[in-house]
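Quick notes on the structure that follows.
The values are calculated or read from the model by the stated rules, or taken from the named source; none is laboratory data. What you see is a predicted model; the values in this text were computed from it and never measured. Every residue, glycine as well, gets a Cβ built from its backbone with ideal geometry; the counts of neighbours run over all protein chains shown.
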Amino acid sequence: MEWIKVENRLPTKGIDVLVMVEKEMPHSQPPIKYIRVGRRITVRDIWIVGDNFGYNLGKVTHWIPLPELPVVD
């Protein structure tokens, strides 16, 4: 699987995916990038990432479907 740019395609609303988030901090250059589980919650570009909701979490730039869960015996 390859990472998908949000400008090219968005995941289905309400489905958990892995997201790459870019956040500019006052004293960090280049911007901080991190990966979390996220969910697009509206038809607009509004996400819940980890336990953060709203606009101040940073900009989601890429996403990828979650991998298959392991089989537990």
Legend entry - Candidate set from the range 1-42 (those that are under 17 Å from PRO67 (Cα atoms) and not in a strand (DSSP E or B)); member that is modelled with the highest pLDDT: TRP3
Legend entry - Near pairs, Cβ below 9 angstrom, 6+ apart or cross-chain, from the range 1-21 (more than 14 Å from ARG36 (Cβ to Cβ) and free of Cβ contacts under 8 Å to residues at least 40 places away in the same chain) to any residue that is part of a loop (DSSP other than H, G, I, E, B) and among the aromatic types (Phe, Trp, Tyr): none
Inset, instruction - Find the residue count for the range 43-68, including only residues that are farther than 16 Å from LYS5 by Cα, at pLDDT 85 or above and not acidic (Asp, Glu). - result: 1
Legend entry - Hits in the range 1-44 - residues which are within 14 Å of HIS62 (Cβ to Cβ) and among the hydroxyl-bearing types (Ser, Thr, Tyr): TYR34
